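Take a look at the structure below.
The values are calculated or read from the model by the stated rules, or taken from the named source; none is laboratory data. Keep in mind the model is a prediction, meaning the values are calculated, not measured. A quick note on method: Cβ atoms are made from the backbone with ideal geometry, for glycine too, and the neighbour counts reach across all protein chains shown.
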Amino acid sequence: MTCAACANSLETFLSELDGVDSVKINYADQSANISFRKDLISEDVLNDAASKIGYGLILGTAQKQVEQTEYIEEERLNTLKKKLIIALTLTTPIFVISMILNNSIAYANEISLVLSIPVLFYSGNEFFINAYKRIRHGQMNMDTLVALSTGIAFLYSLFNTVYPEFLISRGLEPHVYFESAVVIISLILLGRYLEERAKSKTSSSIKNLIKLQPSVVTIFRNGEETEVPVEEVITGDLVIIKPGGRIPVDGKIKKGETYVDESMITGEPIPVFKTKKDQVFTGTINGNGTLRVLATGVGNDTLLSQIIEMVRNAQAEKPKVQKIADKIASVFVPVVILIAIFSAAIWYFVGPQPELTHAVSVLVTVLIIACPCALGLATPTALMAGIGNGAEQGILIRNADSLESLQKSNILVLDKTGTITEGKPRLKEIIWAGNVPEEDKVYYKNVFLSIEKESEHPLGKAIISGFLKDLKNPEVFEIENSQNVPGKGMVADCKGSKYVIGNLKMMDDHDAFTNDPIIKAKHIEYERRAGTKVYMAKGQEVLCFAVIEDMVKPGVKETIKQLRKEGIEAEMLTGDNEVTAKAVAREVGIEHYKANLLPSDKGKTIKELQSRNFKVAMAGDGINDAEALALADTGIAMGTGTDIAIDSAGIILMKGDLSKVLQAVKLSRNASKTIKQNLFWAFIYNIIAIPIAAGVLYPFTGWLLSPMIAGAAMAFSSVSVVLNSLFLRNKR
């Protein structure tokens, strides 16, 4: 599909077929959601019907659809690029011969004719093919107008090149308009190539989500292990998941224990301990243990599939300001054609002599001057300029919708981990018991470091990294009898003494008491603050605890303060616990927050805010933010986050710097203003130019616009739009 009108045409056409209950076409990700009765119509019949008006349905499993779609899109983009290069290469000499040399060289018309044939019938062939297929079924779009204007201009010029005597004998100059035809094709191809390139990236979020599910799964069936495609797994199968592998189904653990990275669901960077009877989800990553999982959700019933569907629906619901030109095509195109035919008829039946020449000239002039080049370029050129400006500031603008909507935002919803905080657990400090001598602390740090090197816990890396930075000459002691206790901590012997490291449950299990007043006081303090506490005891005496914290990014508090001055309030949504959420919100000056949220909860919150007439901007960085980013009026992703979050958002802050949101708001205001100016002048141009082309001034001035001037005016309107967009590059 090349425009929103294409999606509407296909939706209407398929909806009228017997056996089809409903059709929902998503232009953004080039997908179709069709509900039909299999006893009345098949997928193949639907595909055959779509092909009649120039489309094809990609059938099969989700994974195969992704693979085939990516291949088709890549081929489409490469073909468009090749056609564009050929068109621009051949259009340049034609334009020079006609507009600069004024056809003064020998065989100028013949050279232009030869050069224009590949431009129209190779580079521009899809305009004619699509227009023909639409007209056969009583439909029109921008391709119809492009094909008619360029086709008539070419045929008129071809006639005047082959048989110039026809007009000369009637005292008229046999003008040719090859340059008008090829310039139109080249400019529209340029706009289409830019749009196609942006559109392929828009849909990649859903493709990447689908790829999170492994294509091959190991299951235990009929008493033996066997590998099967993921599509063949059924509810009740026993799935075997090896260390480091992605979990392919939703299910409950029947055997094994491990740490699972669930950041795609919760957004939290610390893996969660899982053991028998615990729930696991598709797309999450298994840690260091082998699991046997009873499948309870497969195919479309998994949490991942629900996230994919929610993201797809969210993208489909968003209005696309850059498709304004296509939305009016159903009215604009037939109206222009009727005006051209009506004007030609008036000139033929009641106009001065030579009637036929004037009629043909007016017909060609109206179609050329009304060609929607400026409309087609208004948004892509402003978008390119805005992207260039934003890129220089570390802000990537991905679509015109986000440019327009960000300036209207009055609330910014923020994910916590990776957006407000750095998203990486770090060792913040060590709290020592009051009876630990200062000279012994370095020794105990080395003991702590040495034991953690034996640990399998994800937090161990943060502790090790922190100690290596803190200790001037770190020592790694020999550790004996180390024992990991999943979900709690570990026990080990070092230099003849027994040490216990872990959480409070681990301390209780080994009768290690936290009676020291400093330890007690700091423990109570950190209960109200963000952070995870890891205790170390020697025998039954707690020596210290390490505070592991996901640190708040520099400048976040000031950014939220400045946003409030701009009339934009902030709200925080997180999958983390209430205590941590409250502490972080207090630290950065956010009054409203919600904790313990699943991805769907974030999406519901966005919808609830929108129902209260808020214009919502959402900033996030994880897979769990994808639905909320797509649902928000403006999605803002941290460039340091996941590809799926980035693909679901319209704006990306390249370095994950939240302070760039303020600059993005200003850029949004400038870019939106430029797009509106471009569209305004493009519409005004047509409103003024079409009546003049039809000859409305002739009775008063005796002057009739020639197709050549019409072509130049059309080109000028496009150039003026491009120049106005370029001014955006220097605005801050």
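With surrounded by 18 or more Cβ atoms within 10 Å (Cβ to Cβ), polar (S, T, N, Q) and modelled with pLDDT under 80 as the only criterion, which of N33, N8 stands out? Give the derivation first.
Values: N33 fails: surrounded by 18 or more Cβ atoms within 10 Å (Cβ to Cβ).
Answer to the selection: N8.
Among the residues of the range 36-66, how many are modelled with pLDDT of 70 or more and loosely packed, with under 14 Cβ neighbours inside 10 Å?
12
Listed residues E452, E480, E475; which is acidic (D, E), assigned by TED's automatic domain parsing to the domain that holds L504 and surrounded by 15 or more Cβ atoms within 10 Å (Cβ to Cβ)?
Step by step, each of E452, E480, E475 is checked, and only E452 is acidic (D, E), assigned by TED's automatic domain parsing to the domain that holds L504 and surrounded by 15 or more Cβ atoms within 10 Å (Cβ to Cβ).
Within the bounds of the range 215-230, is there any residue that is of a type outside the set (V, I, T), touching a His at 6+ places or on another chain (Cβ under 8 Å) and either more than 19 Å from Q279 (Cα to Cα) or surrounded by 13 or more Cβ atoms within 10 Å (Cβ to Cβ) (or both)? Before the answer, list the steps.
Here is the first cut: in the range 215-230, the residues of a type outside the set (V, I, T) are 215, 220-225, 227, 229.
Those left that are additionally touching a His at 6+ places or on another chain (Cβ under 8 Å): none.
Looking through the range 215-230, none of the residues is of a type outside the set (V, I, T), touching a His at 6+ places or on another chain (Cβ under 8 Å) and either more than 19 Å from Q279 (Cα to Cα) or surrounded by 13 or more Cβ atoms within 10 Å (Cβ to Cβ) (or both).
Can you name the helices (runs of 4 or more DSSP H) wholly within the range 592-696 that have at least 3 residues being under 12 Å from V413 (Cβ atoms)?
Numbers: elements: 599-611, 626-631, 643-648, 660-694.
The qualifying helices (runs of 4 or more DSSP H) are 599-611, 626-631.
If I filter the range 133-142 down to residues being part of a helix (DSSP H, G or I) and over 33 Å from the mean Cα position of the chain (by Cα), which single residue comes out as nearest to I184 (Cα to Cα)?
The first filter runs over the range 133-142 and keeps only residues part of a helix (DSSP H, G or I), leaving 133-136, 142.
Narrowing further to those that are over 33 Å from the mean Cα position of the chain (by Cα): 135-136.
Details: I135: 21, R136: 24 Å.
Out of the qualifying residues, it is I135.
If you check L172 against the conditions, is it buried (at least 18 other Cβ atoms within 10 Å of the Cβ), closer than 19 Å to S98 by Cβ, at pLDDT below 80 and assigned by TED's automatic domain parsing to the domain that holds L84?
For L172, the condition - buried (at least 18 other Cβ atoms within 10 Å of the Cβ), closer than 19 Å to S98 by Cβ, at pLDDT below 80 and assigned by TED's automatic domain parsing to the domain that holds L84 - is not met.
Which count do you get for residues in the range 98-135 that are farther than 18 Å from T150 by Cβ and in contact (Cβ under 8 Å) with a residue 40 or more places away in the chain?
Count: 2.
Can you find even one residue in the range 489-500 that is at pLDDT below 85, part of a strand (DSSP E or B) and either buried (at least 19 other Cβ atoms within 10 Å of the Cβ) or in contact with a strand residue (DSSP E or B) (Cβ under 8 Å, 6 or more places away or on another chain) (or both)?
No, because not a single residue in the range 489-500 is at pLDDT below 85, part of a strand (DSSP E or B) and either buried (at least 19 other Cβ atoms within 10 Å of the Cβ) or in contact with a strand residue (DSSP E or B) (Cβ under 8 Å, 6 or more places away or on another chain) (or both).
Condition test on L145, is it assigned by TED's automatic domain parsing to the domain that holds S112, part of a helix (DSSP H, G or I) and among the hydrophobic types (A, V, I, L, M, F, W, C)? Give the derivation first.
Numbers: assigned by TED's automatic domain parsing to the domain that holds S112: yes; part of a helix (DSSP H, G or I): yes; among the hydrophobic types (A, V, I, L, M, F, W, C): yes.
Judged against the criteria, L145 is a match.
In the range 527-545, is there at least one residue being polar (S, T, N, Q) and either without any contact (Cβ under 8 Å) to a residue 40 or more places away in the chain or in a helix (DSSP H, G or I) (or both)? Before you say what the answer is, go through the steps one by one.
Just the residues of the range 527-545 that are polar (S, T, N, Q), to begin with: 532, 540.
From what is left, the residues that are either without any contact (Cβ under 8 Å) to a residue 40 or more places away in the chain or in a helix (DSSP H, G or I) (or both) are 540.
Within the range 527-545, one or more residues are polar (S, T, N, Q) and either without any contact (Cβ under 8 Å) to a residue 40 or more places away in the chain or in a helix (DSSP H, G or I) (or both).
If I go through the range 150-180 residue by residue, how many of them are hydrophobic (A, V, I, L, M, F, W, C) and closer than 19 Å to F128 by Cβ?
Residues that pass the stated criteria total 7.
What do you reckon, is T89 outside the structural domain of T12 (by TED's automatic domain parsing), surrounded by fewer than 17 Cβ atoms within 10 Å (Cβ to Cβ) and under 34 Å from the mean Cα position of the chain (by Cα)?
So T89 passes the test.
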